[in-house]
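Quick note: the coordinates plus some simple rules give every number you see, no bench work behind them. On a predicted model such as this, the values are computed, not experimentally measured, just so you know. Note that we place each Cβ from the backbone using ideal geometry, even for glycine, and neighbour counts take in every protein chain shown.
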Amino acid sequence: MGDVKAVTKESWDAEVLKVTGLVMVDFWAEWCGPCRLVSPIVDELAREYSGRVRIMKLNTDENPEVAGRYQIMGIPTLMFFKDGKVADKLVGALSKVQYKEKIENLLKG
C-alpha cells in the first residue's frame, strides 16, 4: 500500500482519467535535479494518503505526448485530477507542507 506507480501514455486513461477520486501525477525526468528533490516527498505522500489518493509518476522524456497534452512546460509539475478532470497543478520543487495543503483542500472540495 502507498506505492507510487509509474504511468505511461498507454496506461494514462485507465490509471488517471477513468479513476474516481483524487489522483496526483508527478511529471518528472531522470536528468531533473529538482525532480530528485521532490521524489522522496512524493513517496512519503503516497504512504500517508494510501487508500485516499492515487499517486502516480510520469516520465516526461518517455511520454512526451501526455506532457504536451497538459502543457507541462517545467518539471517537476504535480498535477491533480479529480474524477478524471484536471483539478489543479503545482509547478516546481515545493515543500511537503505545500503539497499536503493542496491535497487536503482537494479532498475537502
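Net charge of the neighbourhood of residue 96, taken over other residues with C-beta under 14 Å away and scored Lys/Arg +1, Asp/Glu -1, is -3. Other residues lying with their Cβ under 12 Å from the Cβ of residue 15 contribute a combined charge of +3, Lys and Arg counting +1, Asp and Glu -1. Computed about its Cα centre, the charge dipole of the stretch 5-100 is approximately 360 debye, with only Lys, Arg, Asp and Glu carrying charge at their Cβ. For the chain, give the share of DSSP beta bridges that are antiparallel, in percent and rounded to the nearest 5; count only bridges with both residues there. In the chain, DSSP labels about 55 percent of beta bridges as antiparallel. Here the dipole of the stretch 13-63 is about 240 debye; that uses its Cα centre as origin and unit charges on the Cβ of Lys and Arg (positive) and Asp and Glu (negative).
Answer with one residue from 74, 33, 46: the one whose Cα lies farthest towards the positive end of the charge dipole of the stretch 27-106, charges on Cβ with Lys, Arg +1 and Asp, Glu -1. The one lying farthest along the dipole's positive direction is 46. Among (i) 18, 17, 13; (ii) 25, 14, 12; (iii) 40, 18, 10, only one was calculated for this model; which label is it, if the read-out is semi-axes √(5λ) of the Cα gyration tensor in Å? Among (i) 18, 17, 13; (ii) 25, 14, 12; (iii) 40, 18, 10, the one derived from this structure is (i). Where only DSSP H runs of four or more residues are counted, the chain gives -10000 deg cm²/dmol as its mean residue ellipticity at 222 nm, each run worth -39500 (n - 2.57).
Taking a ≥ b ≥ c as the square roots of the Cα gyration tensor eigenvalues, the stretch 49-109 comes out prolate, since a/c reaches at least 1.5 and a/b is larger than b/c.
Loop-located GluC sites (Glu not before Pro) in the stretch 20-108 (DSSP state other than H, G, I, E, B) with a sparse environment of at most 14 neighbouring Cβ atoms within 10 Å: 30, 62. Among the trypsin sites (Lys or Arg not before Pro) found in the stretch 1-75, those both in a DSSP coil and sparsely packed, with 13 or fewer other Cβ atoms within 10 Å of their Cβ, are 18, 52. What lysines does residue 100 reach when the alpha-carbon gap must be under 26 Å and sequence neighbours fewer than 8 apart in one chain are set aside? Straight-line reach from residue 100, under 26 Å: 5, 18, 57, 82, 85, 89, 108. For the stretch 1-85, chymotrypsin sites (Phe, Trp or Tyr not before Pro) meeting the loop criterion (DSSP other than H, G, I, E, B) and having at most 10 other Cβ atoms within 10 Å: 31.
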